[in-house]
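Quick notes on the structure that follows.
FYI, it's all coordinate maths here, none of it is from the lab. Only a predicted model underlies this, so the values are computations on that prediction, with no experimental measurement involved. Cβ placement follows ideal geometry from the backbone for every residue including glycine, while neighbour counts extend to all protein chains displayed.
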DNA sequence: TAGCTGATTGACT
DNA sequence: GTCAATCAGCTAA
């Protein structure tokens with residue numbers, strides 16, 4: 001469950017698609033190819049946000065994992081909207097009933113108003129928050145190669161909720 | 001300083 | 001299926 005509080009409105013969604021990125025041994029990981037500032041975050045304490053700009057116009061949200069000194073993160077690729085759907089729809093310029101509010105990394109950051117100033121934020125305290133759902137559901141998880149990258153494409157580090165209509169692609 | 005790249009999206013053929 | 005938008009940070013010179 002990912003929760004965002006921005007400018008007075010709360011928006012939240014169930015995380016239905018992620019990709020894992022490892023340390024320098026993973027050629028696609030920003031721990032290996034991104035600037036020092038990002039790398040420092042990777043090696044920091046888990047539970048923090050890593051937000052970056054991609055293609056000059058979109059943001060992607062990562063959760064740093066592992067203890068300090070262990071690089072690794074999880075890219076949040078897609079959400080199933082749970083709360084604040086109207087707010088998300090307004091930010092995305094789509095009807096609230098749309099299935100396309102948060103089914104992509106750039107889309108969910110726009111819907112939850114996540115920007116670079118969330119970079120390094122503590123995900124255990126909010127205003128950006130990742131929490132266990134109140135009523136955990138048993139779901140089937142599928143895995144496969146990561147999407148949209150040009151390196152280390154053979155690693156099957158993408159995970160999504162099978163049968164969810166909110167995953168990307 | 002110039003040129004290139006990219007963990008994307010949306011519009012178009 | 002193809003392609004443009006748009007920019008920080010890297011590399012080459």
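Things to note:
- Percent RCO, i.e. relative contact order, over segment A:1-75, from Cα pairs under 8 Å lying at least 6 residues apart: 26 percent
- Contact order relative to length of segment A:41-118, as percent, for alpha carbon pairs under 8 angstrom and 6 or more apart: 28 percent
- Euclidean distance of C-alpha centroids, segment A:85-126 and segment A:46-72, integer Å: 16 Å
- q = 0.12, 0.14, 0.17, 0.21 Å⁻¹, segment A:2-161: log10 I(q)/I(0) [Debye, one scatterer per Cα]: -0.50, -0.69, -1.03, -1.50
- Only helices enter this figure: runs of n ≥ 4 DSSP H residues, each worth -39500 (n - 2.57), summed and divided by the residues of chain A, yield -3500 deg cm²/dmol at 222 nm to the nearest 500.
- Calculated on C-alpha atoms, the gyration radius of segment A:1-82 divided by its Kirkwood radius gives an Rg/Rh of 0.99.
- Anisotropy class of segment A:88-169 from Cα gyration tensor, a/c 1.5 cut: rounded
- Here the contact order of chain A, divided by its residue count and restricted to Cα pairs under 8 Å and six or more residues apart, works out to 28 percent.
- Which of A:82, A:167 has the fewest Cβ neighbours within 10 Å, and the rest in rising order: A:82, A:167
- At R0 = 30 Å, FRET efficiency that the Cβ-Cβ distance of residue A:36 and residue A:151 yields, to 0.05: 0.95
- Taking the fewest neighbouring Cβ atoms within 10 Å as the starting point, the ordered list for A:154, A:29 is A:154, A:29.
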